[in-house]
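Okay, so here's the structure we're looking at.
Just so it is clear, none of the values below were taken in a lab; they were calculated from the coordinates. All of these numbers come straight from a predicted model, not from anything done at the bench. Cβ: placed from backbone, ideal geometry, glycine included. Neighbour counts: every protein chain shown.
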């Protein structure tokens with residue numbers, strides 16, 4: 001059987017997209033299930049299946065708006081060729097590798113947006129209104145909201161509650177309601193990750209497939225191809241959780257004990273709700289990592305004070321890498337686009 005060359009060429013960007021999804025699944029497992037695993041509410045072997053299932057449901061039900069943004073809202077969809085899509089996804093993968101080597105969890109969404117902006121700027125087709133008026137301001141505002149809400153919850157709800165009762169992990173055995181709350185929050189975070197992060201791969205892939213198969217640039221066609229791409233890409237989150245997430249969730253699940261189940265659940269509900277809101281309402285790709293970090297810093301400030309938390313060198317390292325990694329993604333994508341253009345392969 002002879003395979004059409006176009007279909008065979010689609011394999012490369014699809015493989016890169018799946019590789020990205022595997023890495024996102026590995027990193028997303030920790031914020032989703034660390035609290036539940038740390039409390040011994042769920043065996044580690046069940047986590048990848050539950051995580052992958054909730055990610056798939058989130059992407060299929062409420063992930064459309066973010067996919068539209070990343071598929072056609074920054075770089076016009078008609079520019080999304082096989083080579084250019086491969087360049088964009090590879091730039092994201094390399095920038096995430098850079099952050100991972102330095103041990104800093106990085107936002108795939110921000111790296112993807114910057115990777116899309118490189119070729120868009122090169123070809124002078126950057127759709128700047130949504131980027132500069134909605135996406136980038138949200139990146140700055142949302143972690144501050146996460147910090148503020150969690151700080152208020154920690155100072156005015158959690159701290160007074162602790163004076164009346166103990167909310168440590170070992171006490172969960174006698175509180176089935178709190179056990180259920182921790183488990184629900186874990187599933188909720190995974191659902192929110194699906195609503196936002198799957199689009200980092202499915203959005204560009206959907207536009208590329210429509211272009212290469214000449215299916216027409218209608219929203220209906222985009223949604224159809226996006227759904228098919230999600231069915232391929234979302235399960236890779238579960239694979240990533242199984243291959244890469246077990247060690248991370250084990251480490252963070254035991255480290256998070258210092259926050260306690262109530263703090264961990266508060267962090268999960270606040271960050272997942274913020275991520276889900278911007279996904280559904282505005283279709284903005286956002287960073288759960290940064291929302292989570294803002295919330296964790298807030299709990300730390302509520303417990304130990306601002307000076308002790310913000311003086312830590314690890315916090316300063318996070319700020320630097322969060323700025324450098326997306327810029328690296330942009331430089332890689334625009335550089336490889338220039339090279340590909342000069343070689344005449346775009």
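Values computed for the structure shown
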| read-out | value |
| --- | --- |
| Extended-chain gain in nm, criterion 0.36 nm per residue less alpha-carbon gap, residue 335 and residue 282 | 16.1 nm |
| Estimated distance in nm for a label pair at residue 61 and residue 228, the labels positioned 7 Å out from Cα along Cα-to-Cβ | 2.5 nm |
| Efficiency of FRET between residue 19 and residue 180 - r from beta-carbon atoms, R0 45 angstrom, step 0.05 | 0.80 |
| Convex hull volume of the stretch 1-146 per residue (C-alpha atoms, cubic angstrom) | 165 Å³ |
| Peptides ranked, highest mean first, by Cβ atoms within 10 Å: ranges 230-240, 146-156, 176-186 | 230-240, 146-156, 176-186 |
| FRET efficiency for residue 218 and residue 156, using Cβ-Cβ distance with R0 set to 41 Å, rounded to 0.05 | 0.25 |
| Proxy reagent accessibility, fewest Cβ within 10 Å first, across 123, 269 | 123, 269 |
| Where a label projected 7 Å from the Cα of residue 273 along Cα→Cβ would reach, residues of the stretch 186-208 with amide N under 19 Å | 186-196 |
| Nitroxide proxy distance, nm - points 7 Å out along Cα→Cβ at residue 144 and residue 132 | 2.0 nm |
| Peptides ranked, highest mean first, by Cβ atoms within 10 Å: ranges 332-338, 214-220, 81-87 | 81-87, 332-338, 214-220 |
| Point-to-point label distance, residue 45-residue 78, nm (Cα→Cβ direction, 7 Å offset) | 5.5 nm |
